[in-house]
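Here the structure is laid out as structure tokens; the discussion comes afterwards.
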Amino acid sequence: MAYRFLAQALYENEQNVQMSGLDSRSSAMACYPFPYLPILNTVVSTLNPTLSDETSSNKRLKRTTSIAEFLGNTYSNFYSDDSIGSTISRTSSTSNLNCLSGIQIRDHVKTYTQRYLAAEGMEDAASSVVGSDCDGETKEDGVADGMRLVQLLVLCAEAVACRDKSHASVLLAELRANALVFGSSLQRVASCFVQGLTDRLTFVQPLGTAGLTASAMSKIDIASEKKEEALRLVYEVCPHIQFGHFVANLSILEAFEGENFVHVVDLGMSLALQHGQQWRNLIHSLANRTGQPPSFVRITGVGLCVEQFQIIGNELKTYAGSLGINLEFSAVESSLENLRPEHIKLRKNEVLAINSILQLHCVVKESRGALNAVLKIIHELSPKILALVEQDSSHNGPFFLGRFLEALHYYSAIFDSLDAMLPKYDTRRAKIEQFYFAEEIKNIVSCEGPARVERHERVDQWRRRMSRAGFQPAPVKIIAQAKDWLGKHKFCEGYTIVEEKGCLVLGWKSKPIVAASCWKC
């Protein structure tokens with residue numbers, strides 16, 4: 001509880017913080033023309049001045065709070081918990097830090113540090129009443145260690161952005177000693193960012209040269225069986241994908257109401273998972289809908305793993321047959337960027353729905369042409385509904401450090417939720433983090449150009465993109481059903497679902513994680 005006061009201390013008045021007169025590392029000023037770098041350096045060094053001489057220490061960090069509670073305005077009210085679970089706050093993008101003007105950072109930090117200490121004292125008193133203990137560790141040590149780790153990550157990202165290999169290498173050495181794969185949520189998420197920073201630094205040319213070696217910046221694939229297992233575990237443990245399936249299926253069912261010939265095109269298809277869980281659920285719902293089930297159902301999977309798709313399709317046909325539904329499955333071997341309208345075989349009088357679960361962000365490029373082309377093809381197909389589910393965060397900004405901070409805030413919330421759902425040494429958690437989320441983090445942090453495919457954007461940006469492509473919003477009006485679904489599954493206390501401008505947003509302790517929206521032509 002007290003740590004949220006510290007989060008407020010960092011960001012409550014970020015628009016009023018002044019910029020002139022701040023000290024910063026000369027290397028940052030010289031080689032990286034992004035105004036908020038010196039501010040970040042000053043903030044972290046001001047928050048933790050007594051640790052400036054501890055850069056060579058390899059002391060193991062104590063159990064502490066998540067990075068999300070150091071970064072971002074995660075709660076909208078200082079002294080009340082009423083808003084928790086009912087709203088999802090959206091902090092200003094870290095890319096807006098360059099808008100800061102004026103000087104009073106130290107005064108702000110001093111003021112809010114006093115508030116934090118007061119809150120901490122109240123929490124200590126409450127803890128003594130209920131008999132809780134901290135395993136001999138003081139909260140001051142935990143906060144200091146956590147802030148030190150955040151400081152190291154930000155300074156290392158700055159050094160990498162400046163192509164200062166020597167300084168970045170020193171910081172990475174200390175980070176590796178403290179960012180533990182089986183540590184606290186803060187340490188574990190830091191370990192993933194350390195991997196990304198290490199990869200990026202490997203391909204950075206010295207200061208004064210052209211920059212990144214783009215041809216070498218490719219996403220490193222891990223063994224497919226490990227990726228598949230991690231994806232399955234994410235589906236079982238976390239609500240993110242299941243939430244997307246639930247909202248998409250209800251929207252598709254509504255579009256198919258009373259129709260006899262229906263057709264679903266699944267973009268990507270991989271997140272239907274090994275046995276086509278999303279479509280099993282949809283087939284079951286169609287078989288049990290009010291009135292008669294549809295006379296004919298078609299499912300088309302689009303992607304590169306057509307052999308796997310066909311296996312899934314055969315299983316789905318058997319399952320549909322057991323429920324009295326005639327199902328036809330087909331696979332289109334194509335990436336989304338190479339998809340053409342003629343690849344999708346449409347039939348007369350059938351109602352079409354398009355499904356995209358965590359896929360379209362992969363075709364968001366700097367030129368925007370790839371995504372626009374895909375959306376144009378979808379629009380030409382004239383689906384009755386397009387169900388779109390995407391990560392709700394800004395990981396596609398033009399500046400590396402801004403993306404780094406956004407990703408740090410976003411994934412720290414996810415790791416914090418995993419901390420609450422699974423025991424510390426549970427191998428499932430390690431597999432989820434290291435073979436699924438770590439791969440996303442490394443791609444965001446280490447890759448540039450075509451190799452960077454994890455280009456997540458906020459739901460507002462998707463609204464603008466969809467509107468420009470000729471789509472109209474179809475508001476998702478199932479907030480009550482979604483909350484009932486979340487309550488029945490009991491993933492973990494802390495997850496919330498809110499409706500926002502016609503979209504449904506799944507969040508962890510008010511931090512947006514996944515957004516589901518629907519569109520029509």
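Taking the inverse of the average 1/r across all pairs of different Cα atoms in the stretch 336-442, what Kirkwood radius in Å do you get? Could you put the intermediate results ahead of the total?
On the way: mean 1/r = 0.0596 Å⁻¹.
By the Kirkwood definition, the hydrodynamic radius is 16.8 Å.
Given Cα positions, please report Rg to Rh for the stretch 231-301, the hydrodynamic radius being the Kirkwood one.
Values: Rg = 12.5 Å, Rh = 12.8 Å.
Value, to two decimals: 0.98.
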Per residue of the stretch 143-150, in order, report the coupling 6.51 cos²θ - 1.76 cosθ + 1.60 (Karplus, θ = phi - 60°) as ³J(HN,Hα) in whole Hz, putting x for Gly and Pro. 5, 4, 5, x, 5, 5, 5, 4
Over what distance in Å are the Cα centres of the stretch 371-403 and the stretch 435-465 separated? 11 Å
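Considering only the other residues whose Cβ falls under 15 Å of the Cβ of PRO473, what net charge follows from Lys and Arg at +1 and Asp and Glu at -1? Present the calculation step by step, with values, prior to reporting the outcome.
Working: positive: LYS384, ARG463, ARG464, ARG465, ARG468, LYS477, LYS501, LYS520; negative: GLU254, GLU390, ASP460, GLU499, GLU500.
Net of charged neighbours comes to +3.
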Provide the FRET efficiency to the nearest 0.05 for the SER467-LYS424 pair, computing r from the beta carbons and using R0 = 45 Å. 0.50
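Equivalent ellipsoid semi-axes for the stretch 372-521, as square roots of 5 times the alpha carbon gyration tensor eigenvalues: give them largest first, rounded to whole Å. Don't skip to the answer; put the middle values down first.
Values: eigenvalues 152, 101, 32 Å².
The three semi-axes for the stretch 372-521 are 28, 23, 13 Å.
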Would you mind pulling out the separation of the Cα centroids of the stretch 491-511 and the stretch 159-209, in Å? 32 Å
Quote the FRET efficiency, to the nearest 0.05, computed for HIS167 versus GLU448 with a Förster distance R0 of 30 Å and r equal to the Cβ-Cβ distance. 0.90
J(HN,Hα) series, the stretch 329-334, from Karplus relation 6.51 cos²θ - 1.76 cosθ + 1.60, nearest Hz, glycine and proline x: 10, 9, 10, 10, 7, 6
Points 7 angstrom from Cα along the Cβ direction at LYS520 and LYS226: gap in nanometres? 4.7 nm
Around THR198, under 14 Å between beta carbons, what's the net of Lys plus Arg minus Asp minus Glu among the other residues? +2
Can you tell me the length gained on complete extension of the stretch LYS483 to SER335, counting 0.36 nm per residue apart and subtracting the Cα distance? 49.8 nm
Burial order of peptide ranges 448-456, 461-469 (average beta-carbon count within 10 Å, highest first): 448-456, 461-469
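Out of the chymotrypsin sites (Phe, Trp or Tyr not before Pro) in the stretch 393-451, which ones are loop residues according to DSSP with at most 13 other C-beta atoms within 10 Å?
On the way: sites: PHE399, PHE400, PHE404, TYR410, TYR411, PHE415, TYR425, PHE435, TYR436, PHE437; in loops: PHE399, TYR425.
Hits after loop and neighbour filter: TYR425.
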Spelling out what I want: for every residue of the stretch 278-291, take phi, set θ = phi - 60°, compute 6.51 cos²θ - 1.76 cosθ + 1.60 (Karplus), and round to whole Hz; glycine and proline get x. 4, 7, 4, 5, 5, 4, 4, 5, 5, 5, 10, 6, 5, x
List every residue whose amide H lies under 5 Å from the amide H of GLU457, counting only residues 5 or more places away in sequence or on a different chain, with H placed 1.01 Å from N in the peptide plane. SER393, HIS395
On the protein heavy atoms, probe 1.4 angstrom, tell me the percent of accessible surface of the stretch 364-521 carried by carbon and sulfur. 53 percent
Quick check: pseudo-label points 7 Å beyond the Cα along Cα→Cβ at GLN292 and GLU499, how many nm apart are they? 3.4 nm
Overall dimensions of the stretch 154-198 as given by Cα atoms, namely Rg and Dmax in Å: 10.2, 31
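Subtract the Cα-Cα distance of ASP460 and SER382 from 0.36 nm times their separation in residues, and report this length gain in nm to one decimal.
On the way: separation 78, 0.36 × 78 = 28.08 nm, distance 2.32 nm.
Value of the extension gain: 25.8 nm.
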Give the shape of the stretch 265-342 as rounded, prolate or oblate, defined through the alpha-carbon gyration tensor: a ≥ b ≥ c are the square roots of its eigenvalues, a/c under 1.5 means rounded, and otherwise the shape is prolate if a/b is larger than b/c and oblate if not. prolate
Theoretical gain in end-to-end length, CYS305 to CYS492 [0.36 nm per residue, Cα-Cα removed]: 64.0 nm
Net +/- balance of residues flanking PHE399 in space, Cβ distance below 12 Å, scoring K and R +1, D and E -1: -2
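The values are calculated or read from the model by the stated rules, or taken from the named source; none is laboratory data. Remember, it's a predicted structure, so these values are computed and weren't measured experimentally. Every residue, glycine as well, gets a Cβ built from its backbone with ideal geometry; the counts of neighbours run over all protein chains shown. Just the protein is used for accessible areas: all its heavy atoms, side chains included, with ligands, DNA and RNA removed. Shrake-Rupley method; radii C 1.70, N 1.55, O 1.52, S 1.80 Å.
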